[in-house]
C-alpha cells in the first residue's frame with residue numbers, strides 16, 4: 001500500500017496525483033470516518049476498499065467502520081432501499097423500531113471513533129440514524145446516498161428525511177436524485193478502480209479460462225449482465241431480450257453473473273425467479289459468484305461480446321463503467337446513473353424494454369466494426385471521467401468546500 | 001482549516017511573476033428544475049449566479065460527451081429535450097464574456113427565451129426524466145508552488161498544466177479579471193512590453209467553446225511556441 005498513489009499515477013497521470021496531493025494538503029491529519037453496512041459485496045464496499053487507503057496515503061487519518069445487524073434489520077433496510085427506488089413498500093412500526101434500536105446499539109459501539117472525528121461519511125440509509133446519537137458531535141457529518149431516489153415512495157422518504165435532514169451535507173450521484181433538504185447537496189458520481197482485480201488487465205489465458213470454467217462455448221457470441229439478483233436489475237427482462245435476439249443469432253449465449261451481498265436478503269428469491277425464467281435453457285448460464293470473485297467477473301467482462309445492464313432503477317451502475325473500461329459498448333436501462341455513462345450511439349445504447357435491448361444486441365452483433373469503435377470510445381470516456389482518482393478528487397473538494405462553509409470561491 | 005486564507009485573484013505575484021494555480025470544481029444541486037420553457041425562464045430570473053457559471057463553463061470539468069453544436073447547458077437541453085433547434089442555436093451564440101456580470105447574462109438568456117415564448121401558442125413539455133436540473137458550481141483554487149518570470153517559459157509551463165489548471169487560467173479568469181480576459185493576457189499586458197500586444201490579440205482569438213481543456217492546452221502551446229519560440 002505504501003506506493004498506491006504512484007501506481008495510480010501510472011494509469012491516470014502524474015499530474016492527476018499531484019493535483020490530489022495539493023488538494024488534500026489542507027485536510028492533512030484530519031480524522032475522517034466512513035460508515036456503511038457491509039464490508040463485502042456491492043459497489044459501496046468496493047469503492048471504500050480503495051478510497052480509504054488512498055486518503056490515508058494523502059495524509060488524512062481515514063478509517064472505515066461497518067455497522068452490524070440481524071436478518072430483520074437487513075430485511076428492513078432492503079425494504080428502505082426498494083421504497084426509495086420507487087416501490088410502494090410498507091414498513092411496519094415494529095420494523096422501524098428495530099431499525100432504530102440497531103442503530104442505537106451501533107452508535108454505542110462506534111461512539112469512541114465517531115465522537116472524535118472531524119468528518120464522518122454515512123453511506124446509504126442503513127446507518128443514517130446514527131447522527132441522532134451524537135448531538136454534541138465535534139465534526140461535520142455527510143450523508144452519502146448511493147441510491148436512485150429520484151422517485152421515492154413518499155411515506156418512507158418522509159421517515160428517512162427526518163433522519164438525514166440534520167446532516168451538514170449530503171452527496172448524491174446525480175442531480176435528479178437530489179432532494180429538498182436543508183443543507184448543501186454535492187453531486188459526485190462514483191467510479192471504478194483501474195488497479196483492482198476487477199478492472200486490471202488480464203492474460204488471454206485467464207480470460208479464455210472462464211469459458212471452460214463455466215462451460216460457455218468460446219466460438220459463439222456471449223452477452224453478459226453482471227449484477228446482484230435484484231428485481232431492479234431486471235434479470236428476467238435480460239432473459240427476454242436474449243430470447244428475442246437469439247431468433248436472429250441462434251448461437252447467442254447469455255451469462256447472468258451475480259453475487260450475494262451481506263445486506264441483501266432478497267437475492268435468493270430473485271435468483272429462483274431468474275432460474276425459473278431461464279427454464280433450463282443450456283445457453284443461459286446463471287452464475288452465483290462469491291463476493292470476492294473479482295478476477296472472474298473481470299475475465300467474463302473481457303470475454304463477452306456485449307455487456308448489458310438492463311436496470312429499471314439504478315443509483316449508478318458501476319458494472320456499466322466496468323464493461324466500458326474493458327472496451328465493450330454497454331446496453332443499459334435508460335435510468336439513473338446509467339445515463340451518465342452510456343452516451344447513446346457513442347459508448348452504448350440506452351433502452352427501456354427487453355425489445356429495445358434485443359434490437360441493440362442484434363445491431364451490434366451484426367456490425368462488428370461499430371461494436372469495436374463504440375468499445376474504444378467507451379474505454380476512453382471511462383478513463384476521462386469515471387476512474388477512482390476523479391472520484392477521490394471530488395470527495396476532497398467537497399470536504400474542503402464544506403470546511404469552508406461552501407462559499408462559491410475558495411482560495412487555498 | 002484556519003490556515004486557509006483568501007488570497008489575490010490574479011496570477012501576478014508581487015515580484016511580477018506568473019503564479020501557476022490549479023483548481024477543482026464542486027457541483028452542488030440546487031433542487032431547482034424545469035420541465036418546459038416557461039419554468040426555465042422563471043427559474044433563470046432568480047437562480048444563483050453560480051448556476052450560470054456552471055451551465056456555461058462547468059461542463060468542461062465534468063463528464064461530458066455532448067452535442068458539440070451547442071456550447072452551454074441551456075442550449076443543449078432545449079435541443080435534446082425540447083427538440084427546439086432554432087432556440088438552441090440562439091441560446092448557443094450567447095457569449096458570457098460579453099456581459100459585465102451575471103445579471104446581464106441572466107437578462108439576455110431570459111430575453112431570448114421570452115421571445116420564443118411570445119411566438120408559441122403551445123408550450124412543449126419534456127418528460128420528468130429529462131428535466132433540466134440547475135446545478136451551481138463552487139471552485140476551490142490552490143497554488144502549485146510554480147512561478148515563472150519569463151514569458152519564454154510559458155510554453156513549457158502550459159504543457160505541464162493539468163486540464164483544471166488550464167480551466168483556471170483560461171476560462172475562470174474571464175469572470176475574475178477586470179477586463180474579462182485570460183490570465184496569460186493579463187500578465188503579458190502587465191509586463192507593459194509592446195511586443196506582447198499581438199500575442200495577447202492572438203490569445204483572445206482562441207475560441208474555447210468547442211474544445212476540450214486538453215485541446216485548449218495544445219492550442220496555447222502552439223501559440224506560445226509560435227510567438228515566443230520553443
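The values are calculated or read from the model by the stated rules, or taken from the named source; none is laboratory data. Keep in mind that what you see is a predicted model, and the values were worked out from it rather than measured. Counting neighbours? That spans all protein chains shown, and the Cβs are built from the backbone with ideal geometry, glycine included.
Based on what the data block shows, is residue A:411 within 14 Å of chain B (Cβ to nearest Cβ), touching a strand residue (DSSP E or B) at 6+ places or on another chain (Cβ under 9 Å) and buried (at least 24 other Cβ atoms within 10 Å of the Cβ)?
Taking the combined requirement at face value, the residue does not satisfy it.
May I ask you to say which residue of A:81, A:34 is under 21 Å from the mean Cα position of the chain (by Cα), under 29 Å from residue A:290 (Cβ atoms) and modelled with pLDDT of 95 or more? Break it down stepwise before answering.
On the way: A:81 fails: modelled with pLDDT of 95 or more.
Going through A:81, A:34 in turn, just one is under 21 Å from the mean Cα position of the chain (by Cα), under 29 Å from residue A:290 (Cβ atoms) and modelled with pLDDT of 95 or more: A:34.
Kindly establish whether residue B:144 is more than 30 Å from residue A:180 (Cβ to Cβ) and either outside any helix (DSSP H, G or I) or touching a residue at least 40 places away in the same chain (Cβ under 8 Å) (or both).
In short, yes.
Determine whether region A:347-370 contains at least one residue that is in a helix (DSSP H, G or I), within 27 Å of residue A:60 (Cα to Cα) and touching a residue at least 60 places away in the same chain (Cβ under 8 Å).
Looking through region A:347-370, none of the residues is in a helix (DSSP H, G or I), within 27 Å of residue A:60 (Cα to Cα) and touching a residue at least 60 places away in the same chain (Cβ under 8 Å).
Do you know which of the residues in region A:102-151 that are assigned to a loop (DSSP other than H, G, I, E, B) and closer than 16 Å to residue A:76 by Cα is modelled with the lowest pLDDT?
Ranking the candidates gives A:147 first.
Answer yes or no as to whether residue A:6 is farther than 24 Å from residue A:171 by Cα and without any contact (Cβ under 8 Å) to a residue 60 or more places away in the chain.
yes
Since residue B:222 meets every condition but one in (1) assigned to a helix (DSSP H, G or I); (2) at pLDDT below 95; (3) surrounded by fewer than 18 Cβ atoms within 10 Å (Cβ to Cβ); (4) not assigned by TED's automatic domain parsing to the domain that holds residue B:75, which condition does it not meet?
(2)
Among B:74, B:18, which is away from chain A (no Cβ under 11 Å), crowded, with 22+ Cβ neighbours inside 10 Å and more than 18 Å from the chain's Cα centre (by Cα)? Lay out the reasoning, then the answer.
Numbers: B:74 fails: more than 18 Å from the chain's Cα centre (by Cα).
Just one listed residue meets the conditions, B:18.
Quick one: is residue A:38 surrounded by fewer than 17 Cβ atoms within 10 Å (Cβ to Cβ), out of contact with any strand residue (DSSP E or B) (no Cβ under 6 Å at 6 or more places or on another chain) and more than 14 Å from chain B (Cβ to nearest Cβ)?
So residue A:38 does not fit the description; no.
Could you tell me which numbered condition residue A:327 fails, if it satisfies all but one of (1) surrounded by fewer than 20 Cβ atoms within 10 Å (Cβ to Cβ); (2) modelled with pLDDT under 95; (3) at positive phi?
Here residue A:327 meets the rest and fails (2).
For residues in region A:371-408 being under 18 Å from the mean Cα position of the chain (by Cα) and not in a helix (DSSP H, G or I), which is surrounded by the fewest Cβ atoms within 10 Å (Cβ to Cβ)?
Among residues in region A:371-408 that are under 18 Å from the mean Cα position of the chain (by Cα) and not in a helix (DSSP H, G or I), the one surrounded by the fewest Cβ atoms within 10 Å (Cβ to Cβ) is A:387.
Condition check ((1) within 24 Å of residue A:174 (Cα to Cα); (2) more than 13 Å from every other protein chain (Cβ to nearest Cβ)) across all residues:
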residue: A:319; (1), (2): yes, yes
residue: A:323; (1), (2): yes, yes
residue: A:346; (1), (2): yes, no
residue: A:360; (1), (2): no, yes
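Within region A:63-73, identify whether any single residue is part of a loop (DSSP other than H, G, I, E, B), within 27 Å of residue A:337 (Cα to Cα) and at pLDDT 90 or above, and answer yes or no.
Yes, region A:63-73 contains a residue that is part of a loop (DSSP other than H, G, I, E, B), within 27 Å of residue A:337 (Cα to Cα) and at pLDDT 90 or above.
Of all residues in region B:26-71 being modelled with pLDDT under 90 and farther than 16 Å from residue B:136 by Cα, which is nearest to the other protein chains (Cβ to nearest Cβ)?
B:65
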